[in-house]
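The values are calculated or read from the model by the stated rules, or taken from the named source; none is laboratory data. Nothing here was measured: the structure is a model prediction, and the numbers come from that model. Every residue, glycine among them, receives a Cβ derived from its backbone with ideal geometry; neighbour counts consider all protein chains shown.
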Amino acid sequence: MNRSESRDPGFRRLVHRLENPEEFRHAVSGGSLAADFLAPREAATEVEQFQSPGWAMDFHEAKVKARIRCELPPGWGSVGLMRSPAPSRWYGHEAHRGALVFTPPGEAIDGRIVPGFSCLSITVPGQVWAAARDLAGLESTNPGGARIHMIEPGAYHQIERRIHGLRRMLRTAGSDARLSDAAAAEALAFATELISLAWSACETSRDLRDSLRNRTRLARRAEDWMRAHLGEPIQIPGICRALGVSRRELEYAFRLIHDESPRDFLHALRLNAVRRELLRARIGDSVSRIALDHGITHFGRFSVAYRRLFGVNPGGTGRGNGQVRAGLIPGR
């Protein structure tokens, strides 16, 4: 479900409780997020958003293991600050508390979350992105792609204290017009400084190791191939032949990037695709036909696995499920 508090000046606040994959689509302000559950959720994921035409801040508390992909608005960039020890993974790299995930304009947020994952995600338009680069004293307009950087523990604790104060200020300002403009200005300043820190880190840090980048590319290629052939009776050896890699290479890449075997990942993709189709289905459409269309032939096992992953039988999907309303950035 979704609750919104609108303010004319400055910003607005939204609160989401996300229980199903399709409800994640607005979990990143202004973005279009796609989530595929890889395991049953432990509880609802909670997202608190503060949105302005010049910046957006999203506080995430995840309770599910899921594959995450998010397209940002054209020209917008993002920095995510990891705030929990839960080991999420972004661009093939593991990230814990104190990691900055740097996603420049033109790149998609790409990763995997787990129960216990917590982060602050900041997205900004091109002019704020450029201002952060200037604040870092850099001339380059190309940060070299998505990056991960660990903040020194002392600096991280100082940032955390500032986040707590800023979040309280934003919440209070939502009901006090006198504080709204000041809170919006403080949020913009913090966003610019944090992105500037990420810019500086990108200038000095090394690229991800070639072996890691190659495995990330392989996992993405295999995932794209799987999604394009979900309706076919594909097996892992066939995927290996299509991509020209060994089974060992594919298994290692998926274990590293997704913490799943290729077989289990493919099965989860199928279940998520069936769910999306069931939500669009008309009265009278056959669940078994939809399952067959997505490469599922063992219906007894399918029903058990579906219920375990989503907490509802396939035939009950789409009946009485609440939908999260759009949480778009004002002015976009």
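Quick notes on this one:
- Unmet requirement for GLU232, which otherwise passes all of (1) touching a helix residue (DSSP H, G or I) at 6+ places or on another chain (Cβ under 8 Å); (2) outside any helix (DSSP H, G or I): (1)
- Taken together, GLY137, GLY144 contain a single residue that is modelled with pLDDT under 85, out of contact with any Cys (no Cβ under 8 Å at 6 or more places or on another chain) and on the phi > 0 side of the Ramachandran plot, which is GLY137.
- Of all the numbered requirements in (1) surrounded by fewer than 23 Cβ atoms within 10 Å (Cβ to Cβ); (2) in contact with a strand residue (DSSP E or B) (Cβ under 6 Å, 6 or more places away or on another chain), HIS26 misses one, and that requirement is (2).
- Test result for ILE122, buried (at least 19 other Cβ atoms within 10 Å of the Cβ), at pLDDT 90 or above and assigned by TED's automatic domain parsing to the domain that holds SER200: yes
- The C-beta contact set for the range 151-173 (first residue in contact (Cβ under 8 Å) with a residue 40 or more places away in the chain and in a helix (DSSP H, G or I), second residue surrounded by fewer than 16 Cβ atoms within 10 Å (Cβ to Cβ) and aliphatic (A, V, I, L, M), distance under 9 angstrom, 6+ apart or interchain) comprises TYR156/MET150; ALA173/ALA182.
To keep it simple, each residue is scored yes or no on (1) buried (at least 22 other Cβ atoms within 10 Å of the Cβ); (2) more than 11 Å from the chain's Cα centre (by Cα); (3) more than 30 Å from GLU277 (Cα to Cα).
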| position | (1), (2), (3) |
| --- | --- |
| ALA39 | no, yes, no |
| VAL47 | yes, yes, no |
| PRO53 | no, yes, yes |
| SER84 | no, yes, yes |
| HIS96 | no, yes, yes |
| THR103 | yes, yes, yes |
| GLU107 | no, yes, no |
| ASP134 | no, yes, yes |
| GLY137 | no, yes, yes |
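- Scope the range 87-130; condition over 22 Å from GLU223 (Cβ atoms) and among the aliphatic types (A, V, I, L, M); matching residues: ALA99, LEU100, LEU120, ILE122, VAL124, VAL128, ALA130
- Boolean, LEU269 is within 27 Å of the chain's Cα centre (by Cα) and under 15 Å from ASP224 (Cα atoms): yes
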